[in-house]
1. Within the set of pairs 6 or more residues apart or between chains, which connect a residue that is of a type outside the set (A, V, I, L, M) inside the stretch 33-45 to a residue that is loosely packed, with under 12 Cβ neighbours inside 10 Å and assigned to a loop (DSSP other than H, G, I, E, B) with Cβ atoms less than 8 Å apart?
2. Only one residue in A49, A16 is on the phi > 0 side of the Ramachandran plot, out of contact with any Cys (no Cβ under 7 Å at 6 or more places or on another chain) and either part of a loop (DSSP other than H, G, I, E, B) or loosely packed, with under 14 Cβ neighbours inside 10 Å (or both), so which one is that?
3. Hey, among the residues in the stretch 19-46 that are assigned to a helix (DSSP H, G or I) and in contact with a helix residue (DSSP H, G or I) (Cβ under 8 Å, 6 or more places away or on another chain), which one's surrounded by the most Cβ atoms within 10 Å (Cβ to Cβ)?
4. What are the residues in the stretch 57-90 that are surrounded by 11 or more Cβ atoms within 10 Å (Cβ to Cβ), among the small types (G, A, S) and more than 30 Å from E24 (Cα to Cα), if any?
5. Any residue at all in the stretch 68-91 that's of a type in the set (F, W, Y), assigned to a helix (DSSP H, G or I) and out of contact with any strand residue (DSSP E or B) (no Cβ under 9 Å at 6 or more places or on another chain)?
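What follows is calculated from the coordinates using simple rules that are stated; it is not laboratory data. Fair warning: this is a prediction, and the values are worked out from it, not measured in the lab. Using ideal geometry, Cβ is built from the backbone for each residue, glycine included, and neighbour counts are taken over all protein chains shown.
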Amino acid sequence: MKYVISMTFLKNGSAAENKAAQKELLDLYAKWQPPAGMTIREFLSRCDAGGAFTVVETDNAADLIGVTSKFGYFADYQIYPVVEVADGVQAAQESFAFLGI
């Protein structure tokens with residue numbers, strides 16, 4: 001299954017506290033490895049430096065919990081299961097046929 005993960009950095013402290021948290025996050029991320037069953041397809045930084053987006057594939061949703069629980073002290077996460085647009089269009093066309101549209 002493919003997922004898009006949206007991450008927004010938490011910036012709730014003073015400038016000094018936020019800088020320290022960002023340094024800690026970078027240090028932790030440097031030693032992190034994705035779970036064996038997870039493939040990272042894209043990892044994108046937001047241009048406003050407020051977060052990132054990741055496109056991952058995994059058959060085990062618990063892999064996502066493993067990631068977000070490690071970094072959840074530094075960021076809020078939204079996780080969206082996704083499909084390719086062509087698959088979404090096909091599903092919509094099938095639903096229209098079912099509904100008689």
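1. What qualifies is G37/D59.
2. A49
3. L25
4. G88, the sole residue that qualifies.
5. Scanning the stretch 68-91 turns up no residue that is of a type in the set (F, W, Y), assigned to a helix (DSSP H, G or I) and out of contact with any strand residue (DSSP E or B) (no Cβ under 9 Å at 6 or more places or on another chain).
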